[in-house]
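The values are calculated or read from the model by the stated rules, or taken from the named source; none is laboratory data. Fair warning: this is a prediction, and the values are worked out from it, not measured in the lab. Cβ sites come from the backbone with ideal geometry, for glycine too, and all protein chains shown count toward neighbours. Ligands, DNA and RNA are stripped out before the accessible areas are found, and what is left, the full protein with its side chains, is counted by its heavy atoms. Shrake-Rupley method; radii C 1.70, N 1.55, O 1.52, S 1.80 Å.
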Amino acid sequence: MNLVVIGGGVGCARFVMGLRERVRRTGGQDRIDVVVNTADDWWVSGLRIAPDHDSLLYALAGVNDLTRGWGRADESERVSGELAVWGTAPEWFTLGDLDLGTHIARTAWLRDGLSLSEVYRRLGRRWDLGVTLHPATDAEIDTYVLLADRDPIHFQEWWVRHRAQLPATGFTQQGIAHATASSGALAAIAAADVVLIAPSNPVVSVGPVLAVPGMREALTATRAPIVGVSGIIAGAVVRGMADACLAAVGVETSALAVGAHYGARSDGGLLDGWLVDEADAAAVEPLERMGIRTRAVPLWMRDADTSVGLAAEALGLAGSLASSA
Ligand code: FO1
């Protein structure tokens with residue numbers, strides 16, 4: 001089967017690793033494509049940083065920093081210290097030496113005129129990732145955070161420098177009106193047997209992917225069931241600061257509210273199915289009433305087995321939706 005995952009960042013990386021292992025344990029015949037959020041991306045010191053992509057790349061390659069959740073393992077920060085002295089990179093944004101290698105290679109290829117899709121291909125072929133990563137769009141659609149008392153700032157400054165503590169009134173992806181979905185993303189979605197919405201930040205990781213012109217249409221036109229996984233358990237984010245993002249767009253931090261936020265595909269929204277944790281079993285009935293087939297299952301991805309278990313639950317729900325379609 002052709003499996004397509006939408007998302008980006010650490011939660012998506014964990015989920016995709018579980019899905020990849022599930023595919024391996026069941027004979028390895030399925031294909032996995034990931035449509036990756038690029039709106040976190042940022043120009044620093046003339047280099048193009050791509051956090052949601054690089055978290056996936058490094059995790060799938062097995063070279064990621066397991067503690068921080070981003071950047072490379074066994075890092076050093078000699079160059080970053082120099083950049084702070086020169087003042088071309090803020091001291092609050094850490095760029096490891098190995099990580100800078102990726103940013104320099106990506107930027108060099110972009111300056112040579114390669115598309116972001118081609119850059120993903122070149123970066124990914126260094127390792128046997130077992131999945132294909134596609135940018136949602138080849139265009140730059142950086143997220144800017146709208147604030148009550150000052151001009152908008154780039155998402156990375158809000159997230160890293162201010163730890164999402166500045167009250168945000170909204171988010172915009174600069175230039176998205178002129179963006180088009182990447183051909184790789186559209187081809188993967190058109191061929192999909194299952195589409196999975198990863199437990200990523202619904203506002204700044206999944207939201208921008210869905211906001212790319214043509215992406216929602218491609219998703220709702222696909223014959224594949226669309227199943228999402230809540231990144232919120234018992235009213236708390238599993239990791240990151242999605243709660244600050246959800247508050248900014250007026251969505252309660254709950255598995256129920258996020259499922260409703262994505263909406264039922266039968267009602268003009270996105271989801272056919274939604275997985276919530278057993279702690280949120282009370283959300284099942286109201287979401288079912290909205291037309292979203294919902295199951296309460298163990299959502300915590302603590303290790304390979306629990307990640308594989310979650311992937312199996314998502315595929316199981318997709319299977320039951322496909323057979324009842
Ligand atoms: N997150 C931090 O909290 N502090 C950092 O200094 C930092 C540096 C960094 C460098 C490269 C990269 O790909 C990601 C980095 N991140 C850092 C993570 C990133 O800012 C966010 O976690 C994601 O954008 C959220 O999806």
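For the chain, the share of DSSP beta bridges that are antiparallel, to the nearest 5, is 35%. On full extension, the segment bounded by Glu278 and Ala61 gains 75.0 nm, given 0.36 nm per residue less the C-alpha separation. Across segment 1-85 the C-alpha pair distances fall into 10 Å bins from zero in the proportions 16, 41, 29, 11, 3, 0 percent.
The residues of segment 242-325 expose on average 43 square angstrom of accessible surface per residue, using a 1.4 Å probe on protein heavy atoms.
Our helix-only sum for the chain, with -39,500 (n - 2.57) per DSSP H run of n ≥ 4 divided by its residues, gives a mean residue ellipticity at 222 nm of -11000 deg cm²/dmol.
Taking amide H as placed 1.01 Å from N in the peptide plane, Leu133 has its amide H under 5 Å from the amide H of Val34, each at least 5 places away in sequence or on another chain. Apply 1/(1 + (r/R0)^6) to the Cβ-Cβ distance of Gln29 and Trp86, taking R0 = 56 Å, and write down the FRET efficiency to the nearest 0.05. Efficiency for this residue pair is about 0.65. Convex hull volume of the Cα atoms of segment 140-267, normalised per residue: 114 Å³. Once Rh for the chain is found with the Kirkwood sum over Cα pairs, what is the Stokes-Einstein diffusion coefficient at 25 °C and 0.890 mPa s, in µm²/s? Result for D is 124 µm²/s. Estimated at 0.36 nm per residue, the fully extended path between Met241 and Leu98 surpasses their Cα-Cα distance by 48.9 nm. For the pair segment 115-170 / segment 204-278, the C-alpha centres are spaced 18 Å from each other.
The peptide list 223-232, 195-204, put in order of mean Cβ contacts within 10 Å with the highest first, becomes 195-204, 223-232. A cut-off of 5 Å between modelled amide H atoms, ignoring neighbours fewer than 5 places along the same chain, links Val297 with Val276, Asp277, Glu278. One compactness figure for segment 190-325 is 0.97, namely its Cα radius of gyration divided by 2.2 N^0.38 Å. State to the nearest 20 debye the size of the charge dipole of the chain about its Cα centre, where the only charges are +1 on K and R beta carbons and -1 on D and E beta carbons. Here the size comes out at about 620 debye.
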